[in-house]
1. If residue 261 meets every condition in (1) surrounded by 19 or more Cβ atoms within 10 Å (Cβ to Cβ); (2) closer than 30 Å to residue 61 by Cβ; (3) touching a helix residue (DSSP H, G or I) at 6+ places or on another chain (Cβ under 7 Å) apart from one, which number is that one?
2. Going through 114, 110, 120 one at a time, which residue ends up being in contact with a helix residue (DSSP H, G or I) (Cβ under 6 Å, 6 or more places away or on another chain) and without any contact (Cβ under 8 Å) to a residue 40 or more places away in the chain?
3. Regarding residue 103, is this residue outside any helix (DSSP H, G or I) and in contact with a helix residue (DSSP H, G or I) (Cβ under 8 Å, 6 or more places away or on another chain)?
4. Go through the range 127-156 and report how many residues are outside any strand (DSSP E or B) and under 18 Å from residue 188 (Cβ atoms).
5. Cβ-Cβ under 9 Å, sequence separation 6+ or interchain: first residue in the range 236-257 and touching a residue at least 40 places away in the same chain (Cβ under 8 Å) and outside the structural domain of residue 157 (by TED's automatic domain parsing), partner assigned to a loop (DSSP other than H, G, I, E, B) and crowded, with 20+ Cβ neighbours inside 10 Å. Which pairs?
6. Under 6 Å between Cβ atoms, at least 6 apart or on separate chains: pull out the pairs that start in the range 78-92 with a residue that is over 15 Å from residue 134 (Cα atoms) and end on any residue that is part of a loop (DSSP other than H, G, I, E, B).
């Protein structure tokens, strides 16, 4: 049986790892991009990012000074019975991990009324979904301000179709990629509702670079968008080149017959997420 303590321990461990270790699939993508990047400045930036990843991993130092807010997505088996205050336990794990790791605290008390720092990087942003069976999967993502500020959402008319989705994503990346610290992983959500499509885009960032796509249609859109994004010439750190993004990942879902929700959520060059299986 999975317990609240198990989940909190997984969150604590995942934060320490994510803050200091570039995701392996992203690291491999950067290495490949370094070999193929024709821009001298772009290649230099990619080399610095690879050096940064190595130093952070070896010395257990943060990949980036913006160690982000913490998003926790718990997929819980329906055979499990969680007792206790899950949100409080997750917040305690975040507090411990950020304090013990000397990570920057980046959470404001209230977006409108009180912009002072909470001082311990809580609250975490926790989502819980149910799945059949036993056990649990804990996804932890550290999200910096630059990458999240590059997010975008629109409710398109269904007549816009796949081309409308492609154009919206390309425009969003073109407008904000430079401030999001490229090379990027671009997460795209299509479908659902206004409140769910943003989470769909964020969940898309969890799909490893090079892993199979959700569908043939998603794969075609991913390939088209990646080519178009890299043709923008924004390049690593916005200094020019072919490597504005190393991957586009798309997740789609059912939606209202009169709607076509689309959201973009961006992972920066310090793409930080860890998934832990429990039970």
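1. The single condition residue 261 does not satisfy is (2).
2. Numbers: 114 fails: in contact with a helix residue (DSSP H, G or I) (Cβ under 6 Å, 6 or more places away or on another chain); 110 fails: in contact with a helix residue (DSSP H, G or I) (Cβ under 6 Å, 6 or more places away or on another chain).
Exactly one of 114, 110, 120 is in contact with a helix residue (DSSP H, G or I) (Cβ under 6 Å, 6 or more places away or on another chain) and without any contact (Cβ under 8 Å) to a residue 40 or more places away in the chain, namely 120.
3. Numbers: outside any helix (DSSP H, G or I): yes; in contact with a helix residue (DSSP H, G or I) (Cβ under 8 Å, 6 or more places away or on another chain): yes.
So residue 103 passes the test.
4. Here is the first cut: in the range 127-156, the residues outside any strand (DSSP E or B) are 132-135, 144-151.
If we keep only those that are under 18 Å from residue 188 (Cβ atoms) too, we end up with 147-151.
Result for the range 127-156: 5.
5. No pair meets every condition.
6. 90/124; 91/122; 91/123; 91/124
Listed here are the residues, each with its yes/no results for (1) touching a helix residue (DSSP H, G or I) at 6+ places or on another chain (Cβ under 6 Å); (2) buried (at least 16 other Cβ atoms within 10 Å of the Cβ).
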site: 25; (1), (2): no, yes
site: 58; (1), (2): no, no
site: 62; (1), (2): yes, yes
site: 79; (1), (2): no, no
site: 94; (1), (2): no, yes
site: 98; (1), (2): no, yes
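Okay, residues lined up against (1) assigned to a helix (DSSP H, G or I); (2) surrounded by 20 or more Cβ atoms within 10 Å (Cβ to Cβ):
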{"position": "169", "(1), (2)": "yes, yes"}
{"position": "186", "(1), (2)": "no, yes"}
{"position": "217", "(1), (2)": "yes, no"}
{"position": "221", "(1), (2)": "yes, yes"}
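The values are calculated or read from the model by the stated rules, or taken from the named source; none is laboratory data. All of these numbers come straight from a predicted model, not from anything done at the bench. Cβ: placed from backbone, ideal geometry, glycine included. Neighbour counts: every protein chain shown.
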